[in-house]
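Asks: Just passing along the structure, written as structure tokens.
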Amino acid sequence: MKVVILCGGVGTRMREETEFRPKPLVDVGGRPILWHIMKLYAHHGFREFILCLGYKGSMIKEYFLNYEAMNSDFTICLGNKAEIQFNDNHEEQDFHVTLAETGSDTLTGGRVKRVQRYLQNEERFMVTYGDGVSDVNIRKLIEFHKSHGKLATVTTFRPVSRFGILDINESQQVQNFIEKPKSDAWASAGFFVFERKIFDYLDGDACTLEREPLERLAKEGQLMAYNHEGFFYAMDTYREYQILNDLWKNGQAPWKLWA
């Protein structure tokens with residue numbers, strides 16, 4: 001099953017990093033967050049990727065074009081008979097990566113629609129964002145999707161409040177203080193599984209996946225939620241970039257399931 005990763009957004013809320021590179025290439029522990037996402041899927045046996053490029057997409061192309069040289073020792077023969085011999089193997093040896101230009105201003109649903117030609121022979125496929133890491137069990141997610149027979153599954157999580165919550169009585173006395181509690185509500189983490197009929201719900205570059213397509217699927221009873229009680233974190237701001245890097249640096253990265 002192929003994995004579509006949305007890599008085209010501008011990432012305006014973390015300009016400190018994205019002014020110079022696309023958000024999927026922002027480093028976590030010395031590796032692009034995109035690499036971490038791909039490693040999670042590969043850990044569960046999924047190594048075919050379609051990257052939907054947009055903002056500074058050429059930099060993502062360059063990253064993969066130079067991947068062998070940047071991750072291996074190599075011997076090079078210079079001159080008219082130029083030749084490169086790579087001397088090492090790496091864990092990403094059999095990744096199959098399609099890099100698809102999907103437009104600088106195309107919205108999320110439009111990006112998925114644009115890569116339909118690379119999914120012609122797929123009964124179902126997965127989609128996620130290029131800025132969120134998780135320890136979600138991809139195989140269990142797919143088993144859940146197959147079990148319900150609907151067109152779409154979205155992985156959900158309980159977001160943690162950025163602020164402490166206070167229980168205050170009528171006299172303004174604090175009865176209870178909860179430091180950054182988890183919400184009772186569920187939010188989308190991405191990590192979608194779609195049947196190919198999803199393309200009937202996508203229409204043009206101005207289509208936002210999270211709006212009309214998913215709203216329509218929900219109304220028709222075709223959207224199911226896979227509730228993930230574990231770790232999920234999206235890198236939307238510079239603060240979140242720092243938190244993810246601190247977790248990695250301290251050996252506390254829950255999403256690192258691979259050896």
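The values are calculated or read from the model by the stated rules, or taken from the named source; none is laboratory data. As the structure is a prediction and not an experimental result, all values here were calculated from the model. Note that each Cβ is placed from the backbone with ideal geometry, even for glycine, and that neighbours are counted across all protein chains shown. Calculation scope for accessible area: heavy atoms of the full protein, side chains included, ligands and nucleic acids excluded. Shrake-Rupley method; radii C 1.70, N 1.55, O 1.52, S 1.80 Å.
Asks: Enumerate the amide H contacts of Phe74 below 5 Å, restricted to partners 5 or more residues apart or on another chain; note that Pro and chain-start residues carry no placed amide H.
Replies: Those lying under 5 Å, H to H, from Phe74 are Asn87.
Asks: Hey, quick one: spin label on Ile84, modelled 7 Å out along Cα-Cβ, who in the range 31-68 has an amide N within reach, i.e. under 18 Å?
Replies: 58-68
Asks: What is the Cα centroid distance between the range 80-134 and the range 236-257, reported in whole angstrom?
Replies: Taking the Cα centre of each part, the range 80-134 and the range 236-257 sit 24 Å apart.
Asks: Rolling a 1.4 angstrom probe over the protein heavy atoms, how many square angstrom per residue are accessible across the chain?
Replies: Ligands and nucleic acids excluded, the figure is 54 Å² per residue.
Asks: If you don't mind, another one. What are the ³J(HN,Hα) values, in whole Hz, obtained from phi via the Karplus relation 6.51 cos²θ - 1.76 cosθ + 1.60 with θ = phi - 60°, for each residue of the range 29-44 in sequence order, with x given for Gly and Pro?
Replies: Values, residue by residue: x, x, 10, x, 4, 4, 4, 4, 5, 5, 5, 4, 4, 5, 4, 9 Hz.
Asks: Apply the Karplus parameterisation 6.51 cos²θ - 1.76 cosθ + 1.60, with θ equal to phi minus 60°, to every residue of the range 114-124 and state each ³J(HN,Hα) to the nearest whole Hz, in sequence, with x for glycine and proline.
Replies: 5, 9, 4, 5, 8, 10, 4, 9, 9, 5, 8
Asks: Where is the GNM fluctuation largest for the chain (alpha-carbon springs, 10 angstrom cutoff): Leu78, Leu209, Leu247?
Replies: Leu78
Asks: Hey, another quick one. Mind sorting out which of [x] -0.39, -0.84, -1.44; [y] -0.46, -0.90, -1.42; [z] -0.69, -1.03, -1.26 is the real log10 I(q)/I(0) by the Debye sum over Cα atoms at q = 0.09, 0.13, 0.17 Å⁻¹ computed from the coordinates?
Replies: [y]
Asks: Okay, moving on. Could you list which residues have their amide H under 5 Å from that of Cys207, counting only those 5 or more apart in sequence or on another chain, with H placed in the peptide plane?
Replies: Leu107, Gly110
Asks: Quote to one decimal, in nm, the extra length available between Glu16 and Trp186 on full extension: 0.36 nm per residue of separation minus the C-alpha distance between them.
Replies: Residue separation times 0.36 nm, minus the Cα-Cα distance, leaves 58.2 nm.
Asks: Through the Karplus equation 6.51 cos²θ - 1.76 cosθ + 1.60, θ set to phi - 60°, convert the phi angles of the range 74-82 into ³J(HN,Hα) values in whole Hz; use x for Gly and Pro.
Replies: Along the range 74-82, the couplings run 8, 10, 10, 9, 8, x, 5, 9, 4 Hz.
Asks: I would also like to ask the following. Just to be sure I understand: with springs between alpha-carbon atoms less than 10 Å apart, which residue in Gln93, Gln85, Gln222 has the highest mean-square fluctuation in the Gaussian network model of the chain?
Replies: It is Gln85.
Asks: Mind checking the range 20-114 for chymotrypsin sites (Phe, Trp or Tyr not before Pro) that DSSP puts in a loop (not H, G, I, E or B) and that have at most 12 other Cβ atoms within 10 Å?
Replies: Here the sparse-neighbourhood loop sites are Phe20.
Asks: Which of the GluC sites (Glu not before Pro) across the range 17-73 are loop residues per DSSP, with 16 or fewer other Cβ within 10 Å? Walk me through the numbers on the way to the answer.
Replies: Details: sites: Glu17, Glu19, Glu48, Glu62, Glu68; in loops: Glu19.
Qualifying residues, ordered by number: Glu19.
Asks: Anyone know which of Asn245, Asn169, Asn89 comes out most mobile in the 10 Å Cα GNM of the chain?
Replies: Asn169
Asks: Shifting gears a bit: Work out the charge dipole of the range 1-106 with +1 on the Cβ of Lys and Arg and -1 on the Cβ of Asp and Glu about the Cα centre, then indicate which of Val28, Met14, Met38 is farthest towards its positive end.
Replies: Met14
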